[in-house]
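Colleague: Can you keep this structure in mind? I'll have questions shortly.
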Ligand SMILES: *Cc1c(COP(=O)(O)O)cnc(C)c1O
């Protein structure tokens with residue numbers, strides 16, 4: 001598509017890749033193609049476009065997929081998808097109207113009644129609900145594991161359930177929200193190889209939302225599919241809900257096929273907003289990561305803070321080994337246990353002056369929230385204990401403000417506690 005792709009870094013290509021100004025009156029930016037359908041030049045052209053879109057014949061070498069109807073394709077989505085592939089080195093990408101729609105579409109496409117899904121805990125609340133409450137209604141077996149499990153304990157569990165030849169997918173979220181616990185992707189790949197058969201490969205799907213497209217590249221560590229809530233780092237301005245899935249041409253053809261029939265693709269306006277966001281993705285994430293490091297260091301030394309959960313300060317040796325192997329940055333999520341309980345955590349949150357009290361993450365503004373009563377309120381109490389989601393845990397998503405102002409705010413709010 002563009003030979004610069006072969007030697008330039010993604011951040012250099014986010015303003016131009018995949019867009020031809022001559023097709024849009026010379027406009028330097030891709031316009032918003034706010035249109036539901038596209039005019040064919042001739043009936044023969046319309047026929048040719050449909051043949052490719054419906055898989056009735058293979059696309060020729062030089063042929064591009066013709067524009068037909070905005071549920072199937074639209075320039076704002078296609079260009080965005082092409083740009084997103086660059087960060088993860090993926091062959092293809094599909095953009096959705098939310099992270100949840102990307103996740104649910106992948107689960108529905110690759111799982112059938114009788115199959116088993118192995119998934120990591122804790123996962124995003126919406127994902128956990130879909131897996132446990134909805135997939136199970138369709139006869140899909142679900143088995144969970146967490147960062148304290150080894151390949152042996154996982155195999156034992158699957159074997160005990162009599163599902164060794166039924167595992168169709170391993171679904172992983174790493175680092176886990178809100179405590180940054182890591183799951184070993186290499187271990188997942190080796191488990192998938194053991195479950196897979198000649199006829200069917202067991203797929204590894206990774207929700208990479210917490211690291212964004214910059215700090216972890218799951219395809220390099222054996223994953224087959226990457227999922228994003230593009231609402232978070234990719235959108236990055238708390239003004240749009242969207243999702244994405246990336247992988248090989250072969251798998252993405254299936255994902256896009258399912259998307260066509262569920263009709264949950266993103267619209268052109270969302271595509272345009274995300275293209276605008278991608279131009280500053282690396283600049284934003286770099287500042288967020290730098291600021292988060294300063295915040296974690298400040299919290300670590302504060303007498304009212306009991307424990308800090310931050311990827312730049314991992315103490316456990318096994319977790320540190322996984323981090324060194326599969327992560328390329330420390331992220332911008334910092335959680336901490338404040339001395340006391342829910343009362344002290346709430347006092348802290350209620351006294352913040354710059355940071356906003358809101359869920360979500362990865363945006364330009366810093367956000368703070370209370371996982372036990374907000375994002376993770378649906379997690380059963382005994383699991384909350386198991387995953388360190390305690391009543392005194394506070395989660396921070398660090399933004400692009402000046403780090404001194406963020407630390408000033410955290411410090412003054414901590415002073416009001418107790
Ligand atoms: C927010 C989030 C989702 C869901 O994404 P939406 O865009 O809100 O649908 C899924 N996974 C993770 C890790 C998230 O943080």
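Colleague: Ignoring everything except DSSP H segments at least 4 long, calculate the 222 nm mean residue ellipticity for the chain; use -39,500 (n - 2.57) per segment, divide by total residues, nearest 500.
Modeller: The helix contribution divided over the chain gives -11000 deg cm²/dmol.
Colleague: Determine one quarter of the surface area of the Cα convex hull of the chain, which equals its mean projected area, and express it in nm² to one decimal.
Modeller: Details: hull surface 85.9 nm².
Hull-based average projected area comes out at 21.5 nm².
Colleague: If the convex hull of the alpha-carbon atoms of the stretch 282-415 is projected onto planes in all directions, what is the mean projected area in square nanometres?
Modeller: Values: hull surface 32.3 nm².
The number I arrive at for the stretch 282-415 is 8.1 nm².
Colleague: Another question, then. Give me the extension gain from residue 54 to residue 306: residue separation times 0.36 nm, minus the current Cα-Cα distance, reported in nm with one decimal. All intermediate terms of the calculation are to be shown ahead of the outcome.
Modeller: Values: separation 252, 0.36 × 252 = 90.72 nm, distance 5.78 nm.
Taking residue 54 through residue 306 to full extension adds about 84.9 nm, to one decimal.
Colleague: Taking 22 Å as R0, compute the FRET efficiency from the Cβ-Cβ separation of residue 283 and residue 34 and round it to 0.05.
Modeller: For residue 283 and residue 34, the calculated efficiency is 0.20.
Colleague: Quick one: angle between helix 317-326 and the longest Cα principal axis of the chain, in degrees between 0 and 90, rounded to 10, please.
Modeller: 30
Colleague: Sorted by average packing, counted as other Cβ atoms within 10 angstrom per residue and highest first, what order do 273-282, 292-301, 320-329, 153-162 take? Let's see the in-between values first.
Modeller: Values: 273-282: 20.7, 292-301: 19.2, 320-329: 16.1, 153-162: 13.7.
Listed from highest to lowest mean packing, they are 273-282, 292-301, 320-329, 153-162.
Colleague: Continuing with this model, one more query. Starting from the 7 Å offset along Cα-to-Cβ, what nm value, one decimal, do you get for the label separation of residue 164 and residue 339?
Modeller: Placing both labels 7 Å along Cα→Cβ, they lie 5.4 nm apart.
Colleague: Okay, next question. Mind giving me the FRET efficiency for residue 47 and residue 190? R0 is 56 Å, r the Cβ-Cβ distance, nearest 0.05 is fine. Don't skip to the answer; put the middle values down first.
Modeller: Details: r = 47 Å, r/R0 = 0.84.
Step by step, r from the Cβ atoms, then E = 0.75.
Colleague: Just subtract the alpha-carbon distance of residue 220 and residue 5 from 0.36 nm times their residue separation and send over the number in nm, one decimal. The partial results should precede the final answer.
Modeller: Details: separation 215, 0.36 × 215 = 77.40 nm, distance 1.80 nm.
That pair, residue 220 and residue 5, stretches by 75.6 nm at full extension.
Colleague: To the nearest 10 degrees, how steeply does helix 151-160 sit against the main Cα axis of the chain, on a 0 to 90 scale?
Modeller: Between helix and principal axis, roughly 70 degrees.
Colleague: May I have the convex hull volume per residue, in Å³, for the Cα set of the stretch 156-233?
Modeller: Given the Cα convex hull of the stretch 156-233, per-residue volume reads 104 Å³.
Colleague: Can I ask one more? If one computes the Cα centroid of the stretch 356-407 and of the stretch 148-212, what distance in Å separates the two points?
Modeller: If we compute the Cα centre of each part, the gap is 26 Å.
Colleague: If I fit a long axis through the Cα atoms of helix 281-300 and take the longest principal axis of the Cα atoms of the chain, what angle between them do I get, 0 to 90°, rounded to 10?
Modeller: The angle comes out near 10 degrees.
Colleague: In nanometres, what is the gap between the two model label sites at residue 383 and residue 138, each 7 Å from Cα along Cα-to-Cβ?
Modeller: 2.0
Colleague: Here's a follow-up. How much length is gained if the chain between residue 364 and residue 351 is pulled fully straight, taking 0.36 nm per residue apart and subtracting their Cα-Cα distance, in nm to one decimal?
Modeller: Working: separation 13, 0.36 × 13 = 4.68 nm, distance 2.05 nm.
Between residue 364 and residue 351, full extension yields an extra 2.6 nm.
Colleague: A further question on this structure: Please identify which residues in the stretch 76-96 have an amide N closer than 17 Å to a label point set 7 Å out from the Cα of residue 63, following the Cα→Cβ vector.
Modeller: Hits in the stretch 76-96 for residue 63 at 17 Å: none.
Colleague: Shape call for the stretch 174-301 from the C-alpha gyration tensor, a ≥ b ≥ c root eigenvalues: rounded (a/c under 1.5), prolate (a/b greater than b/c) or oblate?
Modeller: Values: a/c = 2.71, a/b = 1.21, b/c = 2.23.
Here the stretch 174-301 falls in the oblate category.
Colleague: Same structure again: How much space per residue, in cubic angstrom, does the convex hull of the C-alpha atoms of the stretch 229-272 take up? Please report the intermediate quantities before stating the final value.
Modeller: Working: hull volume 3.4 nm³, N = 44.
Convex hull volume per residue, Cα atoms: 78 Å³.
Colleague: Let me ask something additional. So the label point goes 7 Å from the Cα of residue 411 along Cα→C-beta, right? Which residues of the stretch 295-312 then have their backbone N under 19 Å from it?
Modeller: 295-306
Colleague: Only Cα pairs within less than 10 Å get springs; with that Gaussian network setup on the chain, which residue of 217, 129, 370 has the largest fluctuation?
Modeller: Looking only at 217, 129, 370, the largest GNM fluctuation is found for 129.
Colleague: With both bridge residues required to lie in the chain, what share of the DSSP beta bridges run antiparallel, to the nearest 5%? Before the final figure, lay out the partial values.
Modeller: On the way: 24 of 44 bridges.
Bridges in the chain that DSSP calls antiparallel: roughly 55 percent.
Colleague: Take the alpha-carbon positions of the stretch 70-278, form their convex hull, and give its projected area averaged over all directions (one quarter of the hull surface) in nm².
Modeller: Details: hull surface 42.8 nm².
Computed as one quarter of the Cα hull surface, the answer is 10.7 nm².
None of the figures in this text is laboratory data; all of them are computed from the coordinates on show. Note that this is a predicted model, so its numbers are computed, not measured. Glycine also receives a Cβ, built like all others from the backbone with ideal geometry; neighbour counts cover every protein chain displayed.
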